[in-house]
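The block underneath contains the structure these notes are about, expressed in structure tokens.
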Amino acid sequence: MSVLETYSHISSSPIFVSSELPDIPEMGGFVVFSGIVRNLNEGKKVTHLEYEAYAPMANEMISNILADACKKWDLLHANCIHRVGKLGISEIAVIVETGSVHRAEAYESNRYIIDRVKHEVPIWKKEFYLDGSSQWSKGCVHESH
């Protein structure tokens, strides 16, 4: 098994956190981040989200981000899947998995990956509110790495 297997990083299917770990005997740390749809944003009650992506470019960009993280932290495992379509409250929108010999690298690389995905990859989020209004997300404040 290679560090970076061929994955489809953009999915219209529900995402679930697996209790099954990659079978990598050298791996001492494994971190999973799940971005979950919440029911409140900036004081407004959210009913659901809709994500859109330019999938061919998004898949390539996420693969490149994972490759960069693997080089920077010498990761044994890295994966990211982002959901598109309509998502209800409490559904998983994105998941990032990182595995390394030690936990520090697994944590640091996981944060690096999700931050880059949120800021660089062509994925757009529209929030729908209880009052019937909707709004495209304004994005995030970029943090340096």
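Listed values, structure above:
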item	result
Carbon + sulfur, % of accessible area of segment 1-79 - ligands and nucleic acids excluded, 1.4 Å	51 percent
S11-Q135 FRET efficiency (beta carbon distance; Förster radius 22 Å; 0.05 resolution)	0.35
5 angstrom amide H check on Y54, placed H, neighbours 5+ away	none
List R116, R38, ordered by accessible area with a 1.4 Å probe, largest first	R38, R116
Dipole magnitude of the chain about its Cα centre (Cβ charges: Lys, Arg +1; Asp, Glu -1), debye to nearest 20	540 debye
Expected 222 nm ellipticity per residue - DSSP helices of 4 or more, -39500 (n - 2.57), all of the chain, to 500	-8500 deg cm²/dmol
Residue-by-residue Karplus 3J(HN,Hα) for segment 18-24, coefficients 6.51, -1.76, 1.60, Hz, glycine and proline x	8, 8, 8, 8, x, 8, 10
Accessible surface, the chain, averaged per residue in Å² (probe 1.4 Å)	59 Å²
Relative contact order of segment 1-120, defined on C-alpha pairs under 8 angstrom at six or more residues apart (%)	39 percent
Residues with amide H under 5 Å from that of S137, placed H, sequence gap 5 or more	K125, K126, E127
About the Cα centre, charge dipole magnitude for segment 1-81 (Lys/Arg +1, Asp/Glu -1 at Cβ), debye	380 debye
Using θ = phi - 60° and Karplus 6.51 cos²θ - 1.76 cosθ + 1.60, couplings along segment 117-132 (whole Hz; Gly, Pro as x)	4, 5, 9, 10, 8, x, 10, 10, 10, 10, 9, 10, 10, 4, 7, x
Reachable lysines, given that their alpha-carbon falls under 24 Å from the alpha-carbon of K126 and they are not under 8 places away in the same chain	K44, K45, K86, K118, K138
On Cα atoms only, tilt of 55-73 relative to the major axis of the chain in degrees	40 degrees
Amide H within-cut-off set for T47, under 5 Å, with H built and near neighbours excluded	F128, Y129, L130
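The values are calculated or read from the model by the stated rules, or taken from the named source; none is laboratory data. The shown structure was predicted, so the numbers you read here are calculated from the model rather than taken from an experiment. Please note: Cβ atoms are built from the backbone with ideal geometry, for glycine as well, and neighbour counts cover all protein chains shown. Please note that ligands, DNA and RNA were not included when accessible areas were found on the heavy atoms of the full protein model with its side chains. Shrake-Rupley method; radii C 1.70, N 1.55, O 1.52, S 1.80 Å.
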